[in-house]
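The values are calculated or read from the model by the stated rules, or taken from the named source; none is laboratory data. Here the structure is a predicted model, which means the values were calculated and not measured. Methodologically, a virtual Cβ is constructed for each residue, glycine included, from the backbone with ideal geometry; neighbour enumeration extends over all protein chains shown.
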Amino acid sequence: MKKQLILSLALFVTLFSFAQKKELKTLEKAVKSNNFAEAKTTANQLESMLGSMDDKMKSKFYFNRAKALYANGTGNIADFDTAISDLSKVDEKHVDNIGVTINNIQNELLVKANKLYTAGKYAQASSYFLMLYKLVPKDESYLYYAAVSSVQAQDFDSALKHYKLLKDIGYTGVVKEYFAINKETGVEEIYEKSTRDLYVNRAKSHISPGERMSESKAAEIAKQIALIYVSQDKNEKALEAIKDARAADSSNSDLILTEANVQYKLGNIKEYGKLIEEAVSNDPNNVSLLYNLGVISFDSGKLAEARAYYKNALKIDTTHSNAALNLSTTFINEGNSLNEKLNSLGNSAADNAKYDKLKIDKSNLFKSGAEVLETFISNNPKANSDIGQQLYNIYIALGSTEKANAIKTKFGL
């Protein structure tokens, strides 16, 4: 009886194994014929048999289910995730073309991710870059691009998660760059080494080849973490992140400004002042820095301070239209701030005298705002319409109809 039982079990195991192989062949056949709906159905039936499969059958199952779920790139995001997870479970000893398949999927996903990013569909692009990172985890740049795309999509929670992971794994993005000068344009261009060498040695279209290591992205990653915390009003965490960032790049003006901004938000005015002095001392002729300092001062209500920064920025770069606009706006805002005083005065002789004086002060401030833009236009005849619109509005407020109409005509307002 015992022998008969053993024979029965053996027969059962044989039949079960035969059923697995049959279903697995059905799965493989459906995948090869691109019948992905049938392949997914078969895969669902086979999944319950995984526990009794040997390593070879498991590898074939995961490989074919991955291809079914990927569906030549037409599957949904959730299916892609499962497909990528399945591919990581395939033993290449049992599946010959696993490397080719992963490489093909990688190329297809990368093309899609780049197209979505170029089209401004940043949230979708981030999902594809993240899938690429899961597919090829050794290429950490995909996670970096997922983070950048999430920032562009204003999905700061996802961006923060990606940037923190990049920081934890020690990603720097440092790679060897191969460059050469384009003879025709005189511009330096970066290529793969083989392409660069082809252009230099055979096509003769490029000269002065060289190589160097690219800049580390460590400070940028720490900075982005800090900025996201700032946007979420998590100022203490932001300061911690900035400390890390400045440890990697102590003289980075953007980081100093970010820290200054956080210190101001926290009411640490003395610390704010020190950081501002440090930023200017480190880079006194940096137009972008001076402009950003102007913005910070302007947002803090320090109009005279903002004015000085904008003027300095324009001294260095006379084409900086935003500095000109903002400088003009400091005068307009100061003029408008007199409205409350004007409205609070009564009808006495003393109040009437004050009223007349304040009206003149306001008019003079508006004229100063106009002068800034007039000077800018004289230096930049092709100034943008924002400059023209603001000057037009000032002339209207001053009652200078003729000048307003001339600006309207000049800028096509």
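Below is a table of values for the structure above.
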{"quantity": "Helices (runs of 4 or more DSSP H) within region 342-413 that include 1 or more residues in contact with a Phe, Trp or Tyr (Cβ under 6 Å, 6 or more places away or on another chain), among the hydroxyl-bearing types (Ser, Thr, Tyr) and at pLDDT below 90", "calculated": "385-398"}
{"quantity": "ASN347 surrounded by fewer than 15 Cβ atoms within 10 Å (Cβ to Cβ), of a type in the set (S, T, N, Q) and over 25 Å from LYS265 (Cβ atoms)", "calculated": "yes"}
{"quantity": "Failed item in (1) touching an Asp or Glu at 6+ places or on another chain (Cβ under 6 Å); (2) of a type in the set (S, T, N, Q); (3) farther than 30 Å from ILE105 by Cα, with SER205 passing the rest", "calculated": "(1)"}
{"quantity": "Candidate set from region 56-113 (those that are among the hydroxyl-bearing types (Ser, Thr, Tyr) and more than 34 Å from the chain's Cα centre (by Cα)); member that is nearest to ALA153 (Cα to Cα)", "calculated": "TYR62"}
{"quantity": "So LEU255, is it out of contact with any strand residue (DSSP E or B) (no Cβ under 6 Å at 6 or more places or on another chain) and either buried (at least 17 other Cβ atoms within 10 Å of the Cβ) or of a type in the set (Lys, Arg) (or both)", "calculated": "yes"}
{"quantity": "Top-ranked residue in region 94-119 [being in contact (Cβ under 8 Å) with a residue 12 or more places away in the chain and of a type outside the set (A, V, I, L, M); ranked as farthest from ALA146 (Cα to Cα)]", "calculated": "HIS94"}
{"quantity": "Lone unmet requirement of (1) surrounded by 15 or more Cβ atoms within 10 Å (Cβ to Cβ); (2) under 30 Å from SER378 (Cα atoms); (3) not aromatic (Phe, Trp, Tyr) for ILE276", "calculated": "(2)"}
{"quantity": "Subset of region 210-226 that is basic (Lys, Arg) and closer than 15 Å to VAL174 by Cα - its residue that is nearest to the chain's Cα centre (by Cα)", "calculated": "LYS217"}
{"quantity": "Residue satisfying condition, being surrounded by fewer than 17 Cβ atoms within 10 Å (Cβ to Cβ) and assigned to a helix (DSSP H, G or I), within set SER328, SER281", "calculated": "SER281"}
{"quantity": "The lone exception for ASP299 - which of (1) within 18 Å of ASP254 (Cα to Cα); (2) surrounded by 13 or more Cβ atoms within 10 Å (Cβ to Cβ) it fails", "calculated": "(2)"}
